[in-house]
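Enquirer: Sharing a structure, written as structure tokens. Questions coming.
The values are calculated or read from the model by the stated rules, or taken from the named source; none is laboratory data. Because the structure is a prediction, the values reported are computed rather than measured. When we count neighbours, we look across all protein chains shown, and the Cβ atoms used for this are built from the backbone with ideal geometry, even at glycine. To get the accessible areas, we keep the full protein, side chains included, count just its heavy atoms, and leave off ligands, DNA and RNA. Shrake-Rupley method; radii C 1.70, N 1.55, O 1.52, S 1.80 Å.
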Amino acid sequence: DFLDYKKILADRRLAITRGYLKNPTIVKAKIQFMGDMYKAKVRLKGDLGDHWLGKSRMSLRVKLKKGRSILGFRSFSIQKPRARQHPYDSSFQEIIRRAGGMSPAHLNSFVTVNGKSWGVMDIEEHMSKELLEKQNRKDSVIVRFANEEIWLDHNNKYSPYRLSDPLLYTHLYNKKSLKDTHNRKIYSYIANNRLLNNKEIFDIDSFSKAFIVSLAWNNRHTLANANSRYYFNPYSLKLEPITTDQG
């Protein structure tokens, strides 16, 4: 509704003032697709201005409610194709999947927001158990290392500190999974091994595939901590990369 949309626009104005997006507001929304209506939660998405400098065609993160999905996606991003370097990112990620690696799927769709056409937008799958299931992986923990605090701090006032250190910061996707004792043990296992900088926790074969394909692509942007997520394989007890956002 109008008041919730104003909250998204307020986050956009604040992001423009800061030069980056931080702690965006989550609002309620309804999505109409193929004649059906879906309840959802939506927020502004994207660290930097290429996602939200324009008043229309802003990047949005969407999570459908009540366990529903659209084209197999329960959580996804809506963004300009340019925000994912169209057609490069989707092409690269397709190669990764064909090589046996993991990456989110992309779709293109016409999008209308509150009656205004945004034209063709990129729909990118977000981290979820459905993403794992479609890529023949058992449901397990997905994490991300580091955060954007240090590179978003243009004043560099925290330079003496280990801000955003990937050994210290382990972000868990789907925090509700911590209600399960086994998942809490997995999360602690990952965090402890990262703190000790134990490289044995990484699956060499899957990381090698991502590295070699990136070298062939002549761009390693997808391998950065800000762009890769990591799946904990419950059989091998090792982390496998989920690549995103290739240049």
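Enquirer: Go through (1) crowded, with 16+ Cβ neighbours inside 10 Å; (2) modelled with pLDDT under 95 for Lys66 and report which single condition fails.
Expert: Here Lys66 clears every test but (1).
Enquirer: Continuing with the same structure: Among Lys39, Lys45, Lys28, Lys7, which is the only one that is open to solvent by 50 Å² or more (accessible area, probe 1.4 Å) and either at pLDDT below 95 or under 15 Å from Ser59 (Cα atoms) (or both)?
Expert: Among Lys39, Lys45, Lys28, Lys7, only Lys7 is open to solvent by 50 Å² or more (accessible area, probe 1.4 Å) and either at pLDDT below 95 or under 15 Å from Ser59 (Cα atoms) (or both).
Enquirer: Of the residues that sit in the stretch 224-247 and are modelled with pLDDT of 95 or more and among the aliphatic types (A, V, I, L, M), which one is most open to solvent (accessible area, probe 1.4 Å)?
Expert: Per the criteria, the residue is Leu237.
Enquirer: Okay, moving on. Do we find a residue being under 19 Å from the mean Cα position of the chain (by Cα), outside any strand (DSSP E or B) and of a type outside the set (S, T, N, Q) anywhere in the stretch 207-217?
Expert: yes
Enquirer: Here's another thing I want to ask about it. State whether one or more residues within the stretch 104-120 are part of a loop (DSSP other than H, G, I, E, B) and either of a type in the set (Lys, Arg) or surrounded by 13 or more Cβ atoms within 10 Å (Cβ to Cβ) (or both).
Expert: Looking through the stretch 104-120, at least one residue is part of a loop (DSSP other than H, G, I, E, B) and either of a type in the set (Lys, Arg) or surrounded by 13 or more Cβ atoms within 10 Å (Cβ to Cβ) (or both).
Enquirer: Another question about this same structure. If I filter the stretch 192-223 down to residues being of a type in the set (Lys, Arg) and either touching a Pro at 6+ places or on another chain (Cβ under 9 Å) or crowded, with 20+ Cβ neighbours inside 10 Å (or both), which single residue comes out as nearest to Val143 (Cα to Cα)?
Expert: Arg194
Enquirer: Now for a different question. In this structure, does Tyr189 turn out to be surrounded by fewer than 16 Cβ atoms within 10 Å (Cβ to Cβ), of a type in the set (Phe, Trp, Tyr) and at pLDDT 90 or above?
Expert: Yes; evaluated as a whole, the condition is true for this residue.
Enquirer: So which residues in the stretch 123-143 are touching a helix residue (DSSP H, G or I) at 6+ places or on another chain (Cβ under 8 Å), of a type in the set (Val, Ile, Thr) and over 20 Å from Asp180 (Cα atoms)?
Expert: Answer for the stretch 123-143, where residues must be touching a helix residue (DSSP H, G or I) at 6+ places or on another chain (Cβ under 8 Å), of a type in the set (Val, Ile, Thr) and over 20 Å from Asp180 (Cα atoms): there is none.
Enquirer: Return the residues of the stretch 23-60 that are touching a Gly at 6+ places or on another chain (Cβ under 9 Å) and charged (D, E, K, R); say none if nothing qualifies.
Expert: Once the filter is applied, which keeps residues that are touching a Gly at 6+ places or on another chain (Cβ under 9 Å) and charged (D, E, K, R), the stretch 23-60 yields only Arg57.
Enquirer: I'm checking my understanding of the structure. Among residues of the stretch 133-150 that are in contact with a strand residue (DSSP E or B) (Cβ under 7 Å, 6 or more places away or on another chain) and farther than 30 Å from Arg162 by Cα, which one is modelled with the lowest pLDDT?
Expert: Gln135
Enquirer: Same structure, new question: Select from the stretch 10-24 the residues that are exposed (fewer than 14 other Cβ atoms within 10 Å of the Cβ) and either under 20 Å from Lys65 (Cα atoms) or of a type outside the set (Gly, Ala, Ser) (or both) and list them in ascending order. Show your work before the answer.
Expert: Of the stretch 10-24, the ones exposed (fewer than 14 other Cβ atoms within 10 Å of the Cβ) are 10, 13, 16-19, 22-23.
Scanning the stretch 10-24 gives Arg13, Ile16, Thr17, Arg18, Lys22, Asn23.
Enquirer: Filtering the stretch 56-75 down to residues that are of a type in the set (Gly, Ala, Ser) and in contact (Cβ under 8 Å) with a residue 12 or more places away in the chain, which residue is farthest from Asp11 (Cα to Cα)? If you could, list the steps in order and put the result at the bottom.
Expert: Within the stretch 56-75, the subset of a type in the set (Gly, Ala, Ser) is 56, 59, 67, 69, 72, 75.
When the remaining residues are screened for being in contact (Cβ under 8 Å) with a residue 12 or more places away in the chain, the result is 56, 59, 69, 72, 75.
Details: Ser56: 14, Ser59: 12, Ser69: 27, Gly72: 29, Ser75: 21 Å.
The selected residue is Gly72.
Enquirer: Here is a check on your reading of the model: is Gln79 within 22 Å of Ser109 (Cα to Cα), modelled with pLDDT of 95 or more, within 15 Å of the chain's Cα centre (by Cα) and not aromatic (Phe, Trp, Tyr)?
Expert: So Gln79 fits the description; yes.
Enquirer: Just the residues that are touching a strand residue (DSSP E or B) at 6+ places or on another chain (Cβ under 9 Å), aromatic (Phe, Trp, Tyr) and closer than 18 Å to Phe211 by Cβ, please, taken from the stretch 73-101.
Expert: Phe92
Enquirer: Which is among the small types (Gly, Ala, Ser) and closer than 13 Å to Arg144 by Cβ, of Ala216, Ala210, Ala224?
Expert: Sole residue among the options that is among the small types (Gly, Ala, Ser) and closer than 13 Å to Arg144 by Cβ: Ala224.
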